[in-house]
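Engineer: This is the structure, below, for whatever I ask next.
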Amino acid sequence: MSAGPISSRWSRYAYSTTLSRSPLPLLRASYGFSPVTLSRGSLAAVEGLNLIPPVIKTTLFKPTELTRRWASQKKPASKAPLDINEYTTDRIRNFSIIAHIDHGKSTLADRLLELTGTIDKNATNKQVLDKLKVERDRGITVKAQTASMFYEYRGQRYLLNLIDTPGHVDFSYEVSRSLAACQGTILLVDSSQGIQAQTVANFYLAFGENLAILPILNKIDLPGADPDKVANQIEKAFEIPTSDVLGISAKSNINVDQVLPRVIDQVPPPQGDIRAPFKALLFDSWYDSYVGVVCLLRIVDGQVRRGDTIVSHHSGVKYEVMEVGIMYPEQSPTVTLQAGQVGYIVCNMKTISEAHVGDTFYHLKQRVDPLPGFVPAKSMVFSGIFPVDAGEFARLDESIKKLTLNDSSVSVQKETSNALGQGWRLGFLGTLHMDVFRQRLEEEYDTQVIITQPTVPYRIVFADGHTKTIRTPAEFPDHTEVSARKVVDLQEPTVSATIIFPQEYLGAILELCSQHRCEQQEHSFLDETRVLMRCVFPMAEIVNDFYEKLKSKSSGYASFDYEEAGYMSSSLVKMNVLVNSRPVDALAAIVHRSQVDRIGRDLAQRLKKVIKRQLFEVAIQVSAAGRVVARETVSAARKDVTAKCYGGDVTRKMKLLQKQKQGKKRMKMVGNVELPQEAFLSVIKR
Ligand SMILES: Nc1nc2c(ncn2[C@@H]2O[C@H](COP(=O)(O)OP(=O)(O)OP(=O)(O)O)[C@@H](O)[C@H]2O)c(=O)[nH]1
């Protein structure tokens, strides 16, 4: 069945890690392998805890739009860059916080920044590392953020680099590249909700990177919290003894002071040699309108300072370093960055496309071998974006260019639609990513856009052997080409999904999955009440409203995570919508043959409801594979043309009615159906 290469996060890890020494009944059954015992130390006694007075910070930048909120928290500016040379590898710890969405990563990051004096203690510190407006509005992390902290423990000063990561599956790429800069991670689990789908997925990401994993239960202050039960789940699922699990409340600041001592004791210091030639991994970047591109680096060996000339392995381009520094938590210049540290550089890089994530930098005169890097993020969901007002095209074009400067995972291509005019076809990592992009366009750039139904990339295999990936229904081969055997195979992308839910919803969830062409692989129990199910879906089935349906079927208790699982052959057809015989391209879709009648009927009925009655009859037809699958008619609204004709000769009335009939005929002939903007959009707008 599977036609393309299967790239599974789990299968990737299966060959990149050693198999377990001890049995891991639950997850080995699910994922085909089990983890080795994780590196853990004993709980260190909390002693000698002493905060280092905040180092005076310098910033050469005006706060950007996104960081304006921090302005009130900035420490007094100074001209002197920070000297962090004393922090050799043994006194550095690089760690991240990973968790399911909303389990409290950003809140814990706030507390750790306060505890170390990196930000002032302030009742208004809420998810300080969520800098984007959209993150604050939605209460979710979209972009991983790095913050450096200074901390004294047992008489020794440490430089701790924390990376707060997003929890939502659309942004798991952010998580995986952030982990490449760390040696350890805090696996945070909400003690009232227990292990969820992204807890499992993120655990395996960290495990695959061979990171030390520190299990922490959050929200122990909640009345519904059951830390013992959740600690048992962690032991069963990940083979981490319950005695290693720390219970905290990030919100109420309970036991948070035990977190950093554990990080120092259990996360290994970074490897690296300060005397070796400079070698650094670029793992994130963003565009700052004042200084250009800012690159976040993990310094593997050697050191870098202002004035150095460095070279990109990826492009061979030379750059002069204008500034180096750490995120403290904003950009704060330092004298150098050296082996083991995580920090930023500003060089004469003009566009974000030059900052290739996974690139290796080296000194001009000391070439080094490149680091392994990352597989680039791939757009999986494509949508047409059009300006609501066609006169806004140029402004929207500018806004999209600016926004994609800071989000290189969005792919952009121009597109024209007969119904919606000139626009773009954009590719996103998932539908939440798409929605976040739309919200940012509207709020940060004050533009109004129409987004068409998302589609996934399909593959067409032709008789001559060549393969084409298509991203719009317009590119789908004509059904005559398919029947003439010019096309030998049609394929759609699939995902391997993990769903975790309470047992009482098993029946309802199985039914929902089968409606979405799901192939269930297995299910097992996390504990006596919770089920972990693994299955394969066609990606097209989950990009629209599957998650909302899953939440509603499980009263909000189910969680869901997925990853690409290659392509499979599929019986696909293109569905066309005709309004008075004219195709409306913005409503066309690629669907599975088994669903054509249901989707076609539903679409025709919805269109009928929103098309206003005209002075003539309007026929709505949905066709697929050369046949009409649904038809609806909007009857004509009869205008009383004789209303003003009081009394008089009957032939005068007849003449007016005759004239009206002629007019209707002409309009019908032209096919000039007026689709009211808002009504029409309500069908295609998400
Ligand atoms: N009662 C209680 N609530 C908490 C605690 N920690 C976090 N919260 C709340 O949980 C919600 C989610 O917290 P966040 O810190 O945004 O969670 P997150 O994991 O960063 O979320 P994403 O970045 O979207 O994945 C917020 O309303 C927090 O106030 C805690 O210890 N106790």
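The values are calculated or read from the model by the stated rules, or taken from the named source; none is laboratory data. Because the structure is predicted, anything quoted here is derived from the model rather than measured. Backbone-built Cβ (ideal geometry, glycine too); neighbour counts: all protein chains shown. For the accessible areas, the whole protein counts, side chains as well, though only heavy atoms, and no ligand, DNA or RNA atoms are used. Shrake-Rupley method; radii C 1.70, N 1.55, O 1.52, S 1.80 Å.
Engineer: With every protein chain left in place, what is the accessible area per residue of segment 279-363 in square angstrom, probe 1.4 Å?
Structural biologist: On a per-residue basis, segment 279-363 sits at 29 Å².
Engineer: Per residue, how many Å² of accessible area does segment 82-121 show with a 1.4 Å probe?
Structural biologist: 26 Å²
Engineer: Now, a different point. About the Cα centre of segment 458-570, how large is the charge dipole given +1 on each Lys and Arg Cβ and -1 on each Asp and Glu Cβ? Please answer in debye to the nearest 20.
Structural biologist: It comes to approximately 200 debye.
Engineer: List the residues, sorted by chain then number, that are 5 or more residues from Ala212 or on another chain and whose placed amide H is less than 5 Å from its amide H.
Structural biologist: Amide H to amide H, under 5 Å and 5 or more residues apart or across chains, Ala212 pairs with Gly184, Thr185.
Engineer: Here's something else I'd like to know. Let me cross-check Leu587: its accessible surface, 1.4 Å probe, with only protein heavy atoms counted, in Å² to the nearest 10?
Structural biologist: The accessible area of Leu587 comes to roughly 10 Å².
Engineer: Test of the criteria: in segment 223-288, which chymotrypsin sites (Phe, Trp or Tyr not before Pro) are in a DSSP loop and have at most 15 other Cβ atoms within 10 angstrom of their Cβ? Before the final figure, lay out the partial values.
Structural biologist: Numbers: sites: Phe238, Phe278, Phe283, Trp286, Tyr287; in loops: Phe278.
Sparse-neighbourhood loop chymotrypsin sites (Phe, Trp or Tyr not before Pro): none present.
Engineer: Pairs Lys318/Lys378; Lys121/Lys251; Lys229/Lys551: which exceed 18 Å Cα-Cα?
Structural biologist: Going by Cα-Cα distance, Lys318/Lys378; Lys229/Lys551 fall outside the 18 Å limit.
Engineer: Any idea which of Ala497, Ala558, Met539 is furthest toward the positive side of the dipole for segment 458-570, if Lys and Arg beta-carbons carry +1 and Asp and Glu beta-carbons -1?
Structural biologist: Met539
Engineer: Mind putting a number on the dipole of segment 241-375 about its Cα centre? Charges go on the C-beta only, +1 for Lys and Arg and -1 for Asp and Glu, and I need it in Debye to the nearest 20.
Structural biologist: Working: 11 positive and 14 negative charges, 55 e Å.
The calculation lands at about 260 debye.
Engineer: Show which aspartates and glutamates lie in cross-link reach of Lys574 when reach means a straight Cα distance below 18 angstrom and same-chain residues fewer than eight apart are skipped.
Structural biologist: Cα-Cα hits under 18 Å: Glu475, Asp478, Glu481, Asp489, Glu492, Glu541, Asp585, Asp597, Asp602.
Engineer: For Gln271 and Lys350, compute 0.36 nm times the residue count separating them, minus their Cα-Cα distance, and round to one decimal in nm.
Structural biologist: Stretched fully, the Gln271-Lys350 segment lengthens by 25.3 nm.
Engineer: In whole percent, and with a 1.4 Å probe on the protein chains, what portion of the accessible area of segment 394-518 is carbon and sulfur?
Structural biologist: In segment 394-518, the share of accessible area belonging to carbon and sulfur is 46 percent.
Engineer: So if I take the centroid of the Cα atoms in segment 579-612 and the same for segment 165-240, what is the distance between those two points in Å?
Structural biologist: Segment 579-612 and segment 165-240 have Cα centres spaced 43 Å from each other.
Engineer: Based on Cβ point charges of +1 for Lys and Arg and -1 for Asp and Glu, what charge dipole magnitude is obtained for segment 381-451 about its Cα centre, in debye rounded to the nearest 20?
Structural biologist: Magnitude of the dipole: close to 260 debye.
Engineer: With the crude spin-label approximation of a point 7 Å out along Cα→Cβ, what separation in nm comes out for Arg154 versus Lys486?
Structural biologist: Taking the simple label geometry, Arg154 and Lys486 are separated by 7.3 nm.
Engineer: Let me make sure I get this right: for segment 279-363, a, b and c are the square roots of the gyration tensor eigenvalues over alpha carbons, sorted descending. Under 1.5 in a/c it's rounded, otherwise prolate if a/b > b/c, else oblate. Which is it?
Structural biologist: On the way: a/c = 1.37, a/b = 1.05, b/c = 1.31.
Note, shape of segment 279-363 comes out rounded.
Engineer: Which whole-angstrom value gives the distance between the alpha carbon centres of segment 354-382 and segment 504-572?
Structural biologist: If we compute the Cα centre of each part, the gap is 35 Å.
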